[in-house]
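So the structure is just underneath, and the comments pick up after that.
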Amino acid sequence: MNTHSYPSHVHLVEVGPRDGLQNEAQPLPAAVKIELVQRLQAAGLRHIEVTSYVSPKWVPQMADKHEVMRGIQRQPGVCYAVLTPNLKGFEAALADRPDEIVVFGSASEAFSQKNINCSVAESIERFAPVVAAARAAGIFVRGAMSCTVGCPYEGEVAAQQVGRLAALMKGIGVQHVGVADTLGVGTPLKVQRAFEAALQHYELHQVSGHFHDTYGQALANTLAALQLGVAQFDASVAGLGGCPYARGASGNVATEDLVYLLHGMGIDTGVDLEALIDAGAYISAALGRTSGSRVARALLARRAQ
Ligand code: HMG
Ligand code: MG
(Lines give C-alpha, C1' and ligand atoms only; values in the text may rest on other atoms or scores of the structure.)
(Ligands and ions follow the chains in the order given, each with its own letter.)
Protein backbone atom coordinates (compact mmCIF):
# COMPACT_ATOMS: atom_id res chain seq x y z
CA MET A 1 0.00 0.00 0.00
CA ASN A 2 1.29 3.47 -0.85
CA THR A 3 1.35 5.46 2.36
CA HIS A 4 3.08 8.52 0.93
CA SER A 5 1.63 11.17 -1.30
CA TYR A 6 4.32 12.34 -3.67
CA PRO A 7 4.38 15.68 -5.50
CA SER A 8 2.93 15.46 -9.02
CA HIS A 9 5.67 17.75 -10.40
CA VAL A 10 9.29 18.15 -9.37
CA HIS A 11 11.31 21.23 -10.26
CA LEU A 12 14.85 20.34 -11.24
CA VAL A 13 17.83 22.66 -10.96
CA GLU A 14 20.56 21.55 -13.31
CA VAL A 15 23.90 22.27 -11.62
CA GLY A 16 26.21 20.46 -14.06
CA PRO A 17 27.72 23.57 -15.69
CA ARG A 18 28.64 24.92 -12.22
CA ASP A 19 28.96 22.18 -9.59
CA GLY A 20 29.72 19.63 -12.30
CA LEU A 21 32.52 21.50 -14.00
CA GLN A 22 34.05 23.56 -11.16
CA ASN A 23 36.18 20.63 -10.09
CA GLU A 24 37.66 19.83 -13.51
CA ALA A 25 41.43 20.27 -13.44
CA GLN A 26 41.83 20.86 -17.17
CA PRO A 27 40.39 24.14 -18.45
CA LEU A 28 37.34 23.50 -20.59
CA PRO A 29 36.62 26.02 -23.37
CA ALA A 30 33.79 28.45 -22.64
CA ALA A 31 32.22 27.43 -25.96
CA VAL A 32 31.76 23.88 -24.64
CA LYS A 33 30.11 25.16 -21.46
CA ILE A 34 27.81 27.39 -23.51
CA GLU A 35 26.87 24.49 -25.77
CA LEU A 36 26.16 22.35 -22.70
CA VAL A 37 23.78 24.97 -21.27
CA GLN A 38 22.02 25.26 -24.64
CA ARG A 39 21.58 21.50 -24.84
CA LEU A 40 20.28 21.35 -21.28
CA GLN A 41 17.67 24.00 -21.92
CA ALA A 42 16.71 22.31 -25.18
CA ALA A 43 16.12 19.12 -23.14
CA GLY A 44 13.52 20.98 -21.09
CA LEU A 45 15.48 22.08 -18.04
CA ARG A 46 14.04 25.35 -16.82
CA HIS A 47 16.52 26.20 -14.07
CA ILE A 48 20.25 26.05 -14.71
CA GLU A 49 23.13 26.95 -12.40
CA VAL A 50 25.52 28.31 -14.97
CA THR A 51 28.68 29.51 -13.20
CA SER A 52 30.24 31.10 -10.10
CA TYR A 53 31.56 34.60 -9.45
CA VAL A 54 34.29 33.35 -7.16
CA SER A 55 38.00 33.96 -7.07
CA PRO A 56 39.74 32.43 -10.11
CA LYS A 57 42.67 31.69 -7.80
CA TRP A 58 40.41 29.45 -5.75
CA VAL A 59 38.37 27.92 -8.58
CA PRO A 60 40.16 28.44 -11.92
CA GLN A 61 37.55 26.54 -13.93
CA MET A 62 34.94 29.27 -13.29
CA ALA A 63 37.22 32.13 -14.45
CA ASP A 64 35.30 32.37 -17.75
CA LYS A 65 32.00 33.24 -16.02
CA HIS A 66 31.34 36.42 -18.03
CA GLU A 67 32.05 34.74 -21.36
CA VAL A 68 29.78 31.81 -20.51
CA MET A 69 26.89 33.93 -19.22
CA ARG A 70 27.11 36.27 -22.19
CA GLY A 71 27.42 33.45 -24.71
CA ILE A 72 24.18 31.67 -23.84
CA GLN A 73 21.17 32.25 -26.06
CA ARG A 74 18.66 32.72 -23.32
CA GLN A 75 15.27 31.11 -23.53
CA PRO A 76 12.24 32.71 -21.95
CA GLY A 77 11.02 30.80 -18.92
CA VAL A 78 14.48 29.52 -18.00
CA CYS A 79 16.01 30.69 -14.71
CA TYR A 80 19.77 31.25 -15.03
CA ALA A 81 21.37 31.01 -11.58
CA VAL A 82 24.91 31.87 -10.50
CA LEU A 83 26.91 31.61 -7.28
CA THR A 84 28.00 34.84 -5.58
CA PRO A 85 29.91 34.49 -2.29
CA ASN A 86 30.33 38.21 -1.55
CA LEU A 87 29.56 41.71 -2.85
CA LYS A 88 32.51 41.63 -5.23
CA GLY A 89 31.08 38.50 -6.83
CA PHE A 90 27.55 39.90 -6.86
CA GLU A 91 28.62 43.15 -8.51
CA ALA A 92 30.49 41.19 -11.17
CA ALA A 93 27.44 38.97 -11.71
CA LEU A 94 25.01 41.88 -12.00
CA ALA A 95 26.45 42.86 -15.37
CA ASP A 96 25.48 39.43 -16.70
CA ARG A 97 21.83 39.68 -15.53
CA PRO A 98 21.33 36.43 -13.60
CA ASP A 99 17.75 35.54 -12.66
CA GLU A 100 18.84 34.05 -9.37
CA ILE A 101 21.92 34.25 -7.21
CA VAL A 102 23.10 31.66 -4.74
CA VAL A 103 24.92 32.48 -1.53
CA PHE A 104 26.61 29.43 -0.09
CA GLY A 105 27.17 28.76 3.57
CA SER A 106 27.99 25.72 5.63
CA ALA A 107 26.36 23.99 8.59
CA SER A 108 29.88 23.10 9.79
CA GLU A 109 32.46 25.68 10.81
CA ALA A 110 35.48 23.88 9.36
CA PHE A 111 34.00 23.59 5.87
CA SER A 112 33.01 27.26 5.95
CA GLN A 113 36.65 28.15 6.65
CA LYS A 114 38.03 25.88 3.91
CA ASN A 115 35.45 26.75 1.27
CA ILE A 116 34.92 30.48 1.71
CA ASN A 117 37.68 31.43 4.13
CA CYS A 118 35.49 32.68 6.99
CA SER A 119 33.38 31.46 9.90
CA VAL A 120 29.65 30.75 9.58
CA ALA A 121 28.81 34.00 11.39
CA GLU A 122 31.19 35.99 9.16
CA SER A 123 29.69 34.38 6.06
CA ILE A 124 26.26 35.64 7.07
CA GLU A 125 27.70 39.15 7.51
CA ARG A 126 29.14 38.90 3.99
CA PHE A 127 25.91 37.54 2.52
CA ALA A 128 23.59 40.12 4.10
CA PRO A 129 24.46 43.04 1.77
CA VAL A 130 24.51 40.65 -1.22
CA VAL A 131 20.99 39.43 -0.40
CA ALA A 132 19.74 42.99 0.13
CA ALA A 133 21.25 44.20 -3.15
CA ALA A 134 19.92 41.22 -5.10
CA ARG A 135 16.42 41.58 -3.74
CA ALA A 136 16.45 45.31 -4.43
CA ALA A 137 17.38 44.45 -8.03
CA GLY A 138 14.52 41.91 -8.25
CA ILE A 139 16.87 38.91 -8.33
CA PHE A 140 15.76 35.79 -6.47
CA VAL A 141 18.09 34.64 -3.68
CA ARG A 142 18.73 31.00 -2.93
CA GLY A 143 21.03 29.82 -0.16
CA ALA A 144 23.04 26.63 -0.40
CA MET A 145 23.64 24.97 2.96
CA SER A 146 26.67 22.69 2.71
CA CYS A 147 27.56 19.80 4.99
CA THR A 148 24.08 19.31 6.41
CA VAL A 149 24.74 15.69 7.35
CA GLY A 150 28.51 15.29 7.26
CA CYS A 151 31.63 17.42 6.98
CA PRO A 152 34.97 16.35 5.51
CA TYR A 153 36.75 17.95 8.47
CA GLU A 154 34.31 17.56 11.41
CA GLY A 155 32.53 14.28 10.65
CA GLU A 156 28.83 14.01 11.56
CA VAL A 157 26.89 17.25 11.59
CA ALA A 158 23.99 17.67 14.02
CA ALA A 159 20.57 18.75 12.75
CA GLN A 160 20.74 21.73 15.15
CA GLN A 161 23.63 23.14 13.09
CA VAL A 162 21.40 22.97 10.01
CA GLY A 163 18.61 24.70 11.90
CA ARG A 164 21.01 27.40 13.06
CA LEU A 165 22.22 28.10 9.52
CA ALA A 166 18.67 28.06 8.11
CA ALA A 167 17.60 30.58 10.78
CA LEU A 168 20.57 32.82 9.94
CA MET A 169 19.80 32.64 6.22
CA LYS A 170 16.14 33.40 6.86
CA GLY A 171 17.16 36.35 9.05
CA ILE A 172 19.01 38.06 6.20
CA GLY A 173 16.26 37.48 3.64
CA VAL A 174 17.40 34.38 1.74
CA GLN A 175 14.25 33.18 -0.02
CA HIS A 176 14.97 29.47 -0.48
CA VAL A 177 17.50 27.07 1.04
CA GLY A 178 19.11 23.97 -0.43
CA VAL A 179 19.92 21.17 1.98
CA ALA A 180 23.21 19.86 0.64
CA ASP A 181 24.98 16.62 1.35
CA THR A 182 28.31 17.91 0.09
CA LEU A 183 30.22 14.72 0.83
CA GLY A 184 27.50 12.31 -0.25
CA VAL A 185 27.69 10.45 3.06
CA GLY A 186 24.06 10.94 4.12
CA THR A 187 21.45 8.23 4.43
CA PRO A 188 17.67 8.77 4.26
CA LEU A 189 16.77 9.26 7.92
CA LYS A 190 19.69 11.63 8.53
CA VAL A 191 18.71 13.60 5.45
CA GLN A 192 15.11 13.79 6.66
CA ARG A 193 16.34 15.16 10.01
CA ALA A 194 18.35 17.82 8.19
CA PHE A 195 15.25 18.81 6.18
CA GLU A 196 13.11 18.89 9.31
CA ALA A 197 15.60 21.34 10.85
CA ALA A 198 15.46 23.56 7.74
CA LEU A 199 11.66 23.31 7.71
CA GLN A 200 11.55 24.95 11.14
CA HIS A 201 12.41 28.16 9.30
CA TYR A 202 11.29 27.68 5.69
CA GLU A 203 8.11 26.47 3.99
CA LEU A 204 8.14 23.22 2.07
CA HIS A 205 8.20 24.97 -1.31
CA GLN A 206 11.22 27.00 -0.16
CA VAL A 207 13.57 24.05 0.37
CA SER A 208 15.38 21.78 -2.05
CA GLY A 209 17.75 18.83 -1.98
CA HIS A 210 21.33 18.77 -3.26
CA PHE A 211 22.82 15.32 -2.96
CA HIS A 212 26.29 14.29 -3.98
CA ASP A 213 26.38 10.60 -4.76
CA THR A 214 29.73 9.48 -3.34
CA TYR A 215 28.29 6.58 -1.35
CA GLY A 216 25.50 5.80 -3.83
CA GLN A 217 22.80 7.15 -1.50
CA ALA A 218 21.59 10.13 -3.50
CA LEU A 219 18.49 8.51 -5.04
CA ALA A 220 17.48 6.98 -1.71
CA ASN A 221 17.97 10.38 -0.10
CA THR A 222 15.87 11.97 -2.84
CA LEU A 223 13.07 9.52 -2.15
CA ALA A 224 13.30 10.32 1.57
CA ALA A 225 13.01 14.04 0.80
CA LEU A 226 10.10 13.43 -1.62
CA GLN A 227 8.33 11.62 1.20
CA LEU A 228 8.52 14.82 3.24
CA GLY A 229 6.95 16.66 0.30
CA VAL A 230 10.13 18.32 -1.01
CA ALA A 231 9.60 19.03 -4.72
CA GLN A 232 12.81 20.77 -5.86
CA PHE A 233 16.16 19.05 -6.40
CA ASP A 234 19.55 19.89 -7.82
CA ALA A 235 21.18 17.40 -10.13
CA SER A 236 24.16 17.30 -12.44
CA VAL A 237 24.03 15.94 -15.97
CA ALA A 238 26.18 12.81 -16.38
CA GLY A 239 26.77 12.95 -12.61
CA LEU A 240 29.58 15.44 -13.16
CA GLY A 241 31.37 17.14 -10.37
CA GLY A 242 32.34 17.58 -6.80
CA CYS A 243 33.62 20.40 -4.66
CA PRO A 244 37.29 21.39 -4.66
CA TYR A 245 37.05 21.74 -0.86
CA ALA A 246 35.47 18.31 -0.28
CA ARG A 247 38.17 16.05 -1.70
CA GLY A 248 36.99 12.56 -2.56
CA ALA A 249 33.36 13.61 -2.87
CA SER A 250 31.91 12.67 -6.23
CA GLY A 251 29.39 14.55 -8.32
CA ASN A 252 25.75 15.27 -7.68
CA VAL A 253 23.16 12.69 -8.44
CA ALA A 254 23.04 12.41 -12.24
CA THR A 255 20.11 14.35 -13.70
CA GLU A 256 19.37 11.42 -16.01
CA ASP A 257 19.07 9.04 -13.03
CA LEU A 258 16.85 11.45 -11.13
CA VAL A 259 14.59 12.04 -14.15
CA TYR A 260 14.28 8.28 -14.68
CA LEU A 261 13.32 7.79 -11.02
CA LEU A 262 10.75 10.60 -11.08
CA HIS A 263 9.17 9.68 -14.40
CA GLY A 264 9.03 6.06 -13.25
CA MET A 265 7.02 7.25 -10.23
CA GLY A 266 4.65 9.21 -12.47
CA ILE A 267 6.15 12.54 -11.36
CA ASP A 268 6.44 15.15 -14.10
CA THR A 269 9.70 17.08 -14.60
CA GLY A 270 9.19 18.66 -18.04
CA VAL A 271 12.48 17.08 -19.13
CA ASP A 272 12.93 14.99 -22.27
CA LEU A 273 15.12 12.14 -21.03
CA GLU A 274 16.47 11.23 -24.48
CA ALA A 275 17.57 14.81 -25.17
CA LEU A 276 19.09 14.98 -21.70
CA ILE A 277 21.07 11.82 -22.41
CA ASP A 278 22.40 13.47 -25.56
CA ALA A 279 23.49 16.50 -23.52
CA GLY A 280 25.23 14.16 -21.07
CA ALA A 281 26.92 12.29 -23.92
CA TYR A 282 28.11 15.62 -25.35
CA ILE A 283 29.82 16.78 -22.14
CA SER A 284 31.17 13.31 -21.34
CA ALA A 285 32.81 13.17 -24.80
CA ALA A 286 34.23 16.69 -24.32
CA LEU A 287 35.78 15.54 -21.03
CA GLY A 288 36.92 12.24 -22.54
CA ARG A 289 35.12 9.98 -20.09
CA THR A 290 32.08 7.77 -19.80
CA SER A 291 28.98 9.20 -18.22
CA GLY A 292 28.56 8.88 -14.47
CA SER A 293 24.85 8.27 -15.04
CA ARG A 294 23.84 4.63 -14.87
CA VAL A 295 20.58 5.41 -16.67
CA ALA A 296 22.48 7.13 -19.49
CA ARG A 297 24.90 4.20 -19.81
CA ALA A 298 22.02 1.70 -19.90
CA LEU A 299 19.97 3.66 -22.43
CA LEU A 300 23.00 4.43 -24.63
CA ALA A 301 23.85 0.70 -24.66
CA ARG A 302 20.25 -0.04 -25.68
CA ARG A 303 20.43 2.54 -28.47
CA ALA A 304 23.63 0.94 -29.76
CA GLN A 305 22.00 -2.50 -30.04
P1 HMG B 1 39.09 35.54 0.40
O2 HMG B 1 40.50 35.24 0.02
O3 HMG B 1 38.70 35.31 1.81
O4 HMG B 1 38.62 37.00 -0.02
O5 HMG B 1 38.15 34.69 -0.56
P6 HMG B 1 39.25 38.39 0.16
O7 HMG B 1 38.08 39.33 0.22
O8 HMG B 1 40.26 38.40 1.26
O9 HMG B 1 40.00 38.64 -1.25
C10 HMG B 1 41.17 37.94 -1.60
C11 HMG B 1 41.36 38.03 -3.10
O12 HMG B 1 40.26 37.41 -3.79
C13 HMG B 1 41.43 39.48 -3.63
O14 HMG B 1 42.23 39.45 -4.81
C15 HMG B 1 39.99 39.72 -4.04
O16 HMG B 1 39.88 40.73 -5.01
C17 HMG B 1 39.62 38.38 -4.62
P18 HMG B 1 43.77 39.87 -4.79
O19 HMG B 1 43.76 41.29 -4.28
O20 HMG B 1 44.46 38.92 -3.85
O21 HMG B 1 44.20 39.70 -6.23
N22 HMG B 1 38.16 38.10 -4.57
C23 HMG B 1 37.42 37.75 -5.63
N24 HMG B 1 37.75 37.51 -6.92
C25 HMG B 1 36.73 37.15 -7.75
N26 HMG B 1 35.45 37.00 -7.34
C27 HMG B 1 35.12 37.21 -6.06
C28 HMG B 1 36.12 37.59 -5.15
N29 HMG B 1 36.12 37.88 -3.83
C30 HMG B 1 37.36 38.19 -3.49
N31 HMG B 1 33.84 37.04 -5.69
C32 HMG B 1 36.15 33.88 -1.57
C33 HMG B 1 36.76 34.61 -0.37
C34 HMG B 1 34.74 33.44 -1.20
C35 HMG B 1 36.11 34.80 -2.76
C36 HMG B 1 37.04 32.66 -1.88
O37 HMG B 1 37.14 31.90 -0.71
C38 HMG B 1 36.50 31.82 -3.00
O39 HMG B 1 36.42 32.23 -4.14
N40 HMG B 1 36.16 30.54 -2.68
C41 HMG B 1 35.66 29.62 -3.65
C42 HMG B 1 34.53 28.88 -3.08
C43 HMG B 1 33.88 28.00 -4.13
O44 HMG B 1 33.65 28.40 -5.26
N45 HMG B 1 33.56 26.74 -3.72
C46 HMG B 1 32.85 25.86 -4.55
C47 HMG B 1 31.41 26.25 -4.68
S48 HMG B 1 30.45 25.85 -3.23
C49 HMG B 1 29.97 24.22 -3.50
O50 HMG B 1 30.40 23.59 -4.43
C51 HMG B 1 28.97 23.64 -2.55
C52 HMG B 1 27.55 23.53 -3.17
O53 HMG B 1 27.57 22.77 -4.36
C54 HMG B 1 26.62 22.86 -2.16
C55 HMG B 1 27.24 21.56 -1.60
O56 HMG B 1 27.44 20.59 -2.35
O57 HMG B 1 27.55 21.60 -0.41
C58 HMG B 1 26.98 24.92 -3.49
MG1 MG C 1 27.60 20.68 -4.45
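The values are calculated or read from the model by the stated rules, or taken from the named source; none is laboratory data. Since the structure is predicted, the reported quantities are computational estimates derived from the model, not experimental observations. Backbone-built Cβ (ideal geometry, glycine too); neighbour counts: all protein chains shown. Note: areas computed on protein heavy atoms with side chains; ligands, DNA, RNA excluded. Shrake-Rupley method; radii C 1.70, N 1.55, O 1.52, S 1.80 Å.
Counting only protein heavy atoms and a 1.4 Å probe, the chain has 40 square angstrom of accessible area per residue.
For Ala180, neighbours were defined as the other residues whose beta-carbon sits under 12 Å from its Cβ, and their charges (Lys and Arg +1, Asp and Glu -1) total -2. Length gained on full extension, Arg303 to Tyr6, computed as 0.36 nm times the residue gap minus the Cα-Cα distance: 103.8 nm.
Each helix, a run of at least 4 DSSP H residues, gives -39500 (n - 2.57); summed and divided by the residues of the chain, these come to -12500 deg cm²/dmol at 222 nm. For the pair the range 96-140 / the range 1-57, the C-alpha centres are spaced 19 Å from each other. The HN-Hα couplings worked out from phi for the range 76-84 by the Karplus form 6.51 cos²θ - 1.76 cosθ + 1.60 (θ = phi - 60°) are x, x, 9, 9, 9, 10, 9, 8, 9 Hz, whole numbers, x standing for Gly and Pro.
Stokes-Einstein diffusion for the range 141-269 at 25 °C, viscosity 0.890 mPa s, with a Kirkwood radius from C-alpha pairs, works out to 171 µm²/s. Counting only protein heavy atoms and a 1.4 Å probe, tell me what percentage of the range 104-215's accessible area is made up of carbon and sulfur. The C+S portion of the solvent-accessible surface of the range 104-215 is 52 percent.
Estimated at 0.36 nm per residue, the fully extended path between Cys79 and Ser119 surpasses their Cα-Cα distance by 11.4 nm.
Consider all pairwise Cα distances in the chain and report the whole-number % of them above 31 Å. I get 21 percent for the Cα pairs in the chain exceeding 31 Å.
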